[in-house]
Amino acid sequence: MYIINIDINHYALELRRIAASYQTGDTLTDVKKKVDALMDALKAALASDTHLQVQKWSELAEALNNSMRNTADPDWTTVMAYARSKVNRSKQNALFKRRRFKA
């Protein structure tokens, strides 16, 4: 098993930048495409090691939870909620694969 050093804080920062770009006037469809592209890049970086996937998706979910506040701008929370749902879905898929295929 290869040890991959992936900086989750970089991805969390990029998601915050994308949310800020939506606050400054980008369209929601463009922002969602950027979030999807970032999630695909992380998914490609994680390869097929399900244990690493679960760990890194969990770290990113925690980082996104830390950046959510109930007093945040509605545009910010829209993007961050979308990103958080994508992260949680990917984490659940990795958990399922790990249980199902005993990888």
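The values are calculated or read from the model by the stated rules, or taken from the named source; none is laboratory data. Every value quoted in this text rests on a predicted model; they were computed, and no experiment measured them. For neighbour counting, all protein chains shown are included, and Cβ atoms are generated from backbone atoms with ideal geometry for every residue, glycine included. The accessibility values were calculated without ligands, DNA or RNA, using every heavy atom of the protein model including side chains. Shrake-Rupley method; radii C 1.70, N 1.55, O 1.52, S 1.80 Å.
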field: ASP49 vs. criteria under 19 Å from ASN93 (Cα atoms), free of Cβ contacts under 8 Å to residues at least 60 places away in the same chain and open to solvent by less than 60 Å² (accessible area, probe 1.4 Å)
entry: yes
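From the residues in segment 3-24 that are without any contact (Cβ under 8 Å) to a residue 40 or more places away in the chain and more than 11 Å from the chain's Cα centre (by Cα), which one is surrounded by the most Cβ atoms within 10 Å (Cβ to Cβ)?
SER21
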Here the qualifying pairs (Cβ atoms under 7 Å; residues six or more apart or on different chains; first in segment 25-44 and within 19 Å of ALA61 (Cβ to Cβ); second part of a helix (DSSP H, G or I) and open to solvent by 50 Å² or more (accessible area, probe 1.4 Å)) come out as LYS32/TYR82; VAL35/TYR82
Across segment 16-68, the tally of residues that are under 27 Å from ARG100 (Cβ atoms) and not in a helix (DSSP H, G or I) stands at 3
